[in-house]
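J.: Below: one structure in structure tokens.
The values are calculated or read from the model by the stated rules, or taken from the named source; none is laboratory data. Computed from a predicted model, the values in this text were never measured in an experiment. Every residue, glycine among them, receives a Cβ derived from its backbone with ideal geometry; neighbour counts consider all protein chains shown. These accessible areas exclude ligands, DNA and RNA; they are computed on the full protein's heavy atoms, side chains included. Shrake-Rupley method; radii C 1.70, N 1.55, O 1.52, S 1.80 Å.
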Amino acid sequence: MMDSVKDLMRRRSLKKYSSTEPTGIIPLSKLKSAVAFIDVEDTSFDVCKNAILAFFRENNIKGEIFFFDFRKLTEGERLITSITTTILKKDLNWYGRPSKEKIGYMLDGEPDLFISLLPRADYTIEFMAKCSKAHFKIGRCQLPGNTFDIVVLDSPEKPHSEAEVFKEMAAFIKKIR
């Protein structure tokens, strides 16, 4: 029963907040702003963060990185990312939607490009991807309704790190003319 109520609320929330902006593949030269989502639990998290920031700098893109950090921090353990751009378990409501502050902060950047390096299609990233008004969306696994314009899949034999996947995404984005 609880799952069906949760699913109902998720569907209702997606319907209410989903962007109606058309999306498609856009050349790198037209991208002026971007937002990327990475998981701090990935072993390549730091390398990936630096690669994304370097890519944004090299291509004159005003970019923001959001971090998913759903770990249970132990006594004395500190957050290693900015609280403003980190989505914690406590920032989610009971059915997984991020707080209005986190949503607003992402939307305020008005990104042209939305990048998800999360290897799974959970509701939280689905919500952020669908409510984003970005004109070009790229991810690691397709979301319901074909949210992403491009999907870079892991090989079935060996899952790749976020840094490896971003390297492939960046190379692909650079080829688009």
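J.: Taking region 30-44 as the search range and keeping residues that are at pLDDT 95 or above and open to solvent by 20 Å² or more (accessible area, probe 1.4 Å), which one is farthest from Phe172 (Cα to Cα)?
T.: If we take residues in region 30-44 being at pLDDT 95 or above and open to solvent by 20 Å² or more (accessible area, probe 1.4 Å), then Lys32 is farthest from Phe172 (Cα to Cα).
J.: Could you check region 93-104 and list, in sequence order, the residues that are under 19 Å from Leu8 (Cα atoms), surrounded by fewer than 18 Cβ atoms within 10 Å (Cβ to Cβ) and either without any contact (Cβ under 8 Å) to a residue 60 or more places away in the chain or of a type in the set (Lys, Arg) (or both)?
T.: Asn93, Ser99
J.: Return a yes/no flag: does region 57-79 have any residue that is open to solvent by less than 70 Å² (accessible area, probe 1.4 Å) and in a helix (DSSP H, G or I).
T.: No.
J.: Right, next: Failed condition for Phe127, given (1) over 20 Å from Asn60 (Cα atoms); (2) assigned to a loop (DSSP other than H, G, I, E, B); (3) touching a Pro at 6+ places or on another chain (Cβ under 8 Å), with all others met?
T.: (2) is the only condition that Phe127 fails.
J.: Which condition does Lys133 not pass, out of (1) under 22 Å from Thr85 (Cα atoms); (2) open to solvent by 60 Å² or more (accessible area, probe 1.4 Å); (3) modelled with pLDDT under 95; (4) of a type in the set (Lys, Arg), if it passes all the others?
T.: (3)
J.: Being out of contact with any Pro (no Cβ under 9 Å at 6 or more places or on another chain), modelled with pLDDT under 95 and surrounded by 11 or more Cβ atoms within 10 Å (Cβ to Cβ): is that true of Ser4 here?
T.: No.
J.: Considering only region 151-174, state which residues are open to solvent by less than 100 Å² (accessible area, probe 1.4 Å) and either of a type in the set (Lys, Arg) or assigned to a helix (DSSP H, G or I) (or both).
T.: Glu162, Ala163, Glu164, Val165, Phe166, Met169, Ala170, Ala171, Phe172, Ile173, Lys174
J.: Answer with yes or no whether Leu107 is at pLDDT below 95, closer than 16 Å to Ala36 by Cβ and open to solvent by less than 60 Å² (accessible area, probe 1.4 Å).
T.: The answer is yes for Leu107.
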